[in-house]
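Inspection log for the structure reproduced underneath, given as structure tokens.
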Amino acid sequence: MSKINSYVGEKQMTLFREILLKNDIHSVIKKKEDSKYILDNYEVYVSNGELEDLVGFLQNKLLDEWVVVKSLHRVRQTKYNTDILDENGIDNFILKRKDSAYHLENIEIYVNKNSLEKAAGILDKLNGWISVRVYNERHWADIDEDLLNENNIKGIIVQTSEGFHLNVEANNEEAAIDIINTQKEWVIFKTYSNIENAMVAKRVLARNEINSVIINEKDSSFLIGELELHVAIDKKQIAETILKDF
């Protein structure tokens, strides 16, 4: 037998198996437990003789009734989104897509075509969730989402025209902001020889919603030395663009 799909949500894999069965493709679900992970993984297998029929079904007939509502690249992000759909009574399942080297490329969430508009609206609006930070690159959003997860706070990343929003449940807003601000890595952005220039740069960044901190590095004689302007590591590139002529 060959593994064709897997996910941490039993409900999603059960629905996927039922859809296959309705189309005369027989499969079994195996529960895989691993002490390293909190959630169990549910794996779907089909016999090798049915693989060709399965590929044809996934590429054609499946799409007559089911459609992708969202595509993500991390299992945890996918789980948060499917949990929300489950809470709203919207049937859903996932398919993992892999590249030519069999590395996970993305995870597609499928819903029935009749539920697409409702499902998309729910995942876009995220009622009860608040954006605590916006990033220019997904990489930095992922890092802070990991940080929140380590502190038992769920974070959902949503891409808009503004960038990548990191959203948390409203009751966790204050705690999430505090964690990101205090545990995030900060780097030296620029050094100044006088406080006036450093303060001007700090104000310019603040107007562009970039927090910064001035640190006074004194020399061995305790005289004022270089003034270091620090920014969060994910804001360094945009800060450089804003202050390139300053």
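The values are calculated or read from the model by the stated rules, or taken from the named source; none is laboratory data. Treat the numbers as computed from the prediction; the structure is a model and nothing was measured. Because the Cβ atoms are built from the backbone with ideal geometry, glycine has one as well, and the counts that use them run over all protein chains shown.
Tabulated values for the structure
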quantity	calculated
Selection status of residue 90, part of a strand (DSSP E or B) and not polar (S, T, N, Q)	no
Scan of segment 109-141 for residues that are crowded, with 18+ Cβ neighbours inside 10 Å, in contact with a strand residue (DSSP E or B) (Cβ under 7 Å, 6 or more places away or on another chain) and either at pLDDT below 95 or in a strand (DSSP E or B) (or both), ordered by number	109, 110, 111, 129, 132, 133, 135, 141
Any hit, segment 28-42, residues being aliphatic (A, V, I, L, M), surrounded by 18 or more Cβ atoms within 10 Å (Cβ to Cβ) and either at pLDDT below 90 or touching a helix residue (DSSP H, G or I) at 6+ places or on another chain (Cβ under 9 Å) (or both)	no
Matching entry among 18, 105 (being assigned to a helix (DSSP H, G or I) and either exposed (fewer than 14 other Cβ atoms within 10 Å of the Cβ) or modelled with pLDDT under 90 (or both))	18
Members of segment 142-173 that are farther than 22 Å from residue 231 by Cβ and in a helix (DSSP H, G or I)	149, 150, 170, 171, 172, 173
Some residue of segment 51-58 being under 28 Å from the mean Cα position of the chain (by Cα) and outside any strand (DSSP E or B)	yes
Residue 231 being of a type outside the set (Phe, Trp, Tyr), under 30 Å from residue 81 (Cβ atoms), modelled with pLDDT of 85 or more and not assigned by TED's automatic domain parsing to the domain that holds residue 81	no
Output for segment 21-36, where each listed residue is in contact with an Asp or Glu (Cβ under 6 Å, 6 or more places away or on another chain), touching a residue at least 12 places away in the same chain (Cβ under 8 Å) and not in a strand (DSSP E or B)	25
Only one of 167, 151 that is within 25 Å of residue 70 (Cα to Cα), of a type outside the set (Phe, Trp, Tyr) and not assigned by TED's automatic domain parsing to the domain that holds residue 90	167
Selection status of residue 71, outside the structural domain of residue 145 (by TED's automatic domain parsing), of a type outside the set (D, E, K, R) and modelled with pLDDT under 95	no
Residue, surrounded by the most Cβ atoms within 10 Å (Cβ to Cβ), within segment 64-85, restricted to residues that are among the charged types (D, E, K, R) and within 24 Å of residue 141 (Cβ to Cβ)	70
Identity of the residue in segment 59-87, under 19 Å from the mean Cα position of the chain (by Cα) and among the acidic types (Asp, Glu), that ends up farthest from residue 160 (Cα to Cα)	86
